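Peer 1: Quick one: this structure, given as structure tokens, is what I'll be asking you about.
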Amino acid sequence: MSKESNNLPLGIFLISLFLVYTPDFPDPSVAVKWLVVGFGGAACILALRKQIHSISIAHIPLLLWVVLIWVLAFGSVNTSESFAVAAKWSACVFAATALSFYWKKEIINQRSIARWLGFALFAVWLSALYGILVNASNFSENLYRIQGLGGHKNQLSMMLLVATLVYAYNARHQKSLKLVYVLLSLSSLLMVIVLRTRSLWIALAVISVVVSLELYRRNRQKIKPLRLIIPVAAIALILGGLVFSNYIQAGDTTNLSHRVAFWEKSKQMIADYPQGVGPGMWKLHMPAYGLQGVNHSVEQGQTQILRPHNDYLWILSETGWLGALLWLATLTFIVLGLIKRRKDCKDDAESDFHLLVISVLLGYAIFMFFDFPIERPEQFFLLLWFGGYALTGNFLVWRSNALVPIFAVCLLATGWVGTFRFQGDQKLNEVISYHSKRNSSALILAVQKCENRFYSLDRVANPLAYYSGLAYLAEKKVVESHDAFSRALQQAPFNIITLNQMGNWHKMVGRNLPPAEQAKLRQQIDGLSSDLVQQSTEYYRRALDISPHFTEALLNMAEFEFLNSNPHQALGYLSQVYPPDYASAKFQKLTAEVLKQWFSLPANQRKRPALQEWFRQNDPSLQNPVNTYIRFLQT
């Protein structure tokens, strides 16, 4: 079999990996690309079963890391989610390790590989261009809505960086379509700048320096202009981007401040769990360290932070110091392998391809400090596969005829887990739809269809059992509702909206059910106190310990204190609602009632309420209905 035909299975695999997309899914890219890595990777190595007989021992630390994540998954808080993430990561490791076969010195065909990569990345290029043009009319506001075949705008930018480098190599070494490749490289680079992923600006600057130094090292008397495309264009566009930073808001440090908050919480998590919390469990443990300093929507439980936006901290927090050491060993082998393979380069084509691999790995290494490529199957595979170029070079190898069946079975198994995630994603939109429509009976059935052995959380890490609890509560099936909320808290112990709803369950049952029925419930459900309304405040306070500005829990606590004739304490909770929820009828009515209760106290017992002072300072016109009520009472 010729070298060119050897690359055909790889080319089909790469094109499939970048091309597949499920626009109706909550996340259009992850589940379906996971299936391609699992099943497509297995098909690819089976097609090459006569050629794959060995792997480099430099891959062993990475394979041991796979064993470690499965061990950690067994002891995690939510085993179904942890097993699923472990399967996704394992699929990428197995596929990248097996397909490192293509990097062997006696097999590798650099131009063919670069050409197939170029074909595969062209679909990403088109989707990025479409996303930018569609949102061009109001680009600054729509920037974070841009998505493509590579994911949301940051992940898309990373794929465009890879495209920039691959097309630049093809422009130099492919005999045909040279001008097309030049235009594709420059346009990809321009889109990286426009999409404002600032970590990749840093990566571009570093890559530009490395490329320039390599060209200088070759000591050519006359460097062809084409070879300067990447360094010159990158530096020019980065400087241009900085000049026009006001237009594209490049100086906005909000995201960086949020990332610093995530990193600080990750450091606390690592200190508490040096062995690691388990794959996929960072998002469930992070709220335990407080939601101060994060987005307002996260404080309100409307969305959640799913990863620390730093893959190094992510790996360390989820797989512990042992996992970090295995990755450090892998990175060490990559560096040594790159050094060894550099000495084997015989001509410009091999030297330039070596430089391409170094540039791609540098881009990922910098990107991983601020983002999460290991979450995306295509990104994680590409990172590991390019790393395999170094790991395959000049190291001892382990030979066995059993490698192909072992890798094939492992990939098929991980793909099988991926089918459960795919099925869950298919049904999740129904869950969200019936929840928004408040159709409780349909919601119960939708959750039952959506939840499975490897799918227990929605896209923002809310337990699916939470939705069941709401639906059962709406149908007054209090036992089933309590069971569902309890299961949700077992799956996500620090989920603030579940804690708040569990408090609402106790409040509703305590106020609405007769004492005799409450006594029966205490026989059916362990842990219920004789005063369920009082017990509800335990859950509200737990939610507020995590998110002090969580509006729903604050209003619930303010209502409890108001009904117990404690207006000062009620106003204390209301003053923490920030910013004040003017649009909420519940907030307006409760604030007016609490202030009325406060003004009914003797003048010498009234403490100055923080809420009233806030209104006076921030809304002097007193146009808000609550403020109008304050003025009426004062006059």
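The values are calculated or read from the model by the stated rules, or taken from the named source; none is laboratory data. None of these values were measured; they are calculated from a predicted model. Cβ coordinates were reconstructed from backbone atoms using ideal geometry, including for glycine residues, and neighbour counts include every protein chain displayed. With ligands, DNA and RNA removed, areas are computed over all heavy atoms of the protein, side chains included. Shrake-Rupley method; radii C 1.70, N 1.55, O 1.52, S 1.80 Å.
Peer 1: Mind giving me the nanometre distance, one decimal, between the label points for S137 and A442, set 7 Å out from Cα along Cα→Cβ?
Peer 2: About 3.1 nm separates the two model spin labels.
Peer 1: Send over a whole-number figure in Å² for the accessible area per residue of region 154-222, probe 1.4 Å.
Peer 2: So region 154-222 comes to 41 Å² accessible per residue, rounded to a whole number.
Peer 1: Once you place label points 7 Å from the Cα toward the Cβ at L328 and Q490, how far apart are they in nm?
Peer 2: 3.8
Peer 1: May I ask you to derive the FRET efficiency for R217 and K105 from their Cβ-Cβ distance with R0 = 25 Å, giving the value to the nearest 0.05?
Peer 2: So, using R0 = 25 Å, E works out to roughly 0.65.
Peer 1: Calculate the length of the line joining the C-alpha centroid of region 298-356 to that of region 1-69, in whole Å.
Peer 2: The distance from the Cα centre of region 298-356 to that of region 1-69 comes to 18 Å.
Peer 1: In addition: Tally Lys/Arg at +1 and Asp/Glu at -1 over every other residue whose Cβ is under 15 Å from the Cβ of D27; what's the total?
Peer 2: +4
Peer 1: Moving on. What does the helix-only formula give at 222 nm for the chain: each DSSP H stretch with n ≥ 4 adding -39500 (n - 2.57), the total divided by the residues, and the result rounded to the nearest 500 deg cm²/dmol?
Peer 2: -22000 deg cm²/dmol
Peer 1: Oh, and also: Between the alpha-carbon centers of region 528-587 and region 384-439, tell me the distance in whole angstrom.
Peer 2: 44
Peer 1: Additional query: Answer rounded, prolate or oblate for region 161-217, using the Cα gyration tensor with square roots of eigenvalues a ≥ b ≥ c: rounded when a/c is under 1.5, else prolate when a/b is larger than b/c, else oblate.
Peer 2: It comes out oblate by the Cα gyration axes.
Peer 1: Would you mind classifying region 445-508 by shape? Square roots of the alpha carbon gyration tensor eigenvalues, ordered a ≥ b ≥ c; an a/c under 1.5 is rounded, otherwise it is prolate if a/b is larger than b/c and oblate if not.
Peer 2: oblate
Peer 1: Name the GluC sites (Glu not before Pro) in region 63-143 that are in a loop by DSSP and that have at most 10 other C-beta atoms within 10 Å, would you?
Peer 2: E106
Peer 1: Sorting check: for 492-500, 404-412, 583-591, 526-534, which peptide has the highest mean count of neighbouring beta carbons within 10 Å, and how do the rest follow?
Peer 2: Highest to lowest by the protection proxy: 492-500, 404-412, 583-591, 526-534.
Peer 1: For L129 and A413, what is the calculated FRET efficiency with R₀ set at 35 Å and r taken between the beta-carbons, to the nearest 0.05?
Peer 2: Efficiency for this residue pair is about 0.40.
Peer 1: Could you order the peptides 256-268, 192-204 from most to least packed, using the average number of other C-beta atoms within 10 Å per residue?
Peer 2: So the order, starting with the most tightly packed, is 192-204, 256-268.
Peer 1: Assigning unit charges at the beta carbon (Lys, Arg +1; Asp, Glu -1) and nothing else, what dipole magnitude in debye, to the nearest 20, does region 371-503 show about its Cα centre?
Peer 2: 200
Peer 1: Just the number, please: carbon plus sulfur as a percent of the accessible area of the chain, 1.4 Å probe, no ligands or DNA/RNA counted.
Peer 2: 60
Peer 1: Match the structure shown to one of the listed values [x] 95, 71, 49; [y] 92, 56, 41; [z] 87, 47, 43 of Cα extents along the principal axes in Å, computed from it, and give that label.
Peer 2: After the calculation, the listed value that fits is [y].
Peer 1: Work out, step by step, the length gained on full extension between L256 and F119: first 0.36 nm times the residue separation, then minus their alpha carbon distance; give nm to one decimal.
Peer 2: Full extension from L256 to F119 adds 45.9 nm.
Peer 1: Place a point 7 Å from Cα of W398 in the direction of its Cβ. Which residues in region 32-75 have their backbone N less than 15 Å from it?
Peer 2: Label zone hits: 53-68.
Peer 1: Is region 100-162 rounded, prolate or oblate when judged by the Cα gyration tensor, a ≥ b ≥ c being the square roots of its eigenvalues, rounded requiring a/c under 1.5 and prolate requiring a/b larger than b/c?
Peer 2: Prolate shape, in that a/c is at least 1.5 and a/b is the bigger ratio.
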